[in-house]
Amino acid sequence: MTKRVLPVVVLITLTSLLSYKFGSAPTARAQTVAPAEWSVWATTHSPVNAYATKPGVAGVQHVADCIIADAINAPGAQPTGPIGVKLYDGSATTSPSTVLLTIDLAQPPFTVGGGQVHLCGLNLQGTAGRPMQLQIGGFVGSSPYLSANLVGHD
């Protein structure tokens, strides 16, 4: 009986080894890799807005994961209203564009003061092929410090 079973066992063993070797055996699925993150930022020391822009790429959809915006008023510079933070699907100066997020920070005091926005864990999706832009600015005094940082993935 051993002489009959031994060739069958050898045949099954060889078949399983060869199928594994040539990739026909069941295998684990490849692990999915998270998309690479990118970060764009801009600063200004003038009363003009700061714009952090991720340029549009044909067929690529930008997704905002985190926005960080800081505004510090210069000593003695009188602000005239709130500081605005806007995230655009597109850009502030071209059409078409859509505002994905708007935050108004309180008017900073006459002396040194300012405001900050640090929001992470977002999943704000833009339109494929369009740029994505974070803008900070508004009614600050004559020489503020403005910083915009946009973090996301494609």
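Structural remarks
- Taken along the Cα-to-beta-carbon direction at a fixed 7 Å, the label points for residue 38 and residue 127 span 1.8 nm.
- Per-residue extension of 0.36 nm, minus the Cα-Cα distance of residue 116 and residue 45, leaves a gain of 24.0 nm for this segment.
Laboratory data are not the source of any read-out in this text; all were calculated from the coordinates shown. Predicted model, so just to flag it, every value in this text is computed and none were measured. Cβ coordinates were reconstructed from backbone atoms using ideal geometry, including for glycine residues, and neighbour counts include every protein chain displayed.
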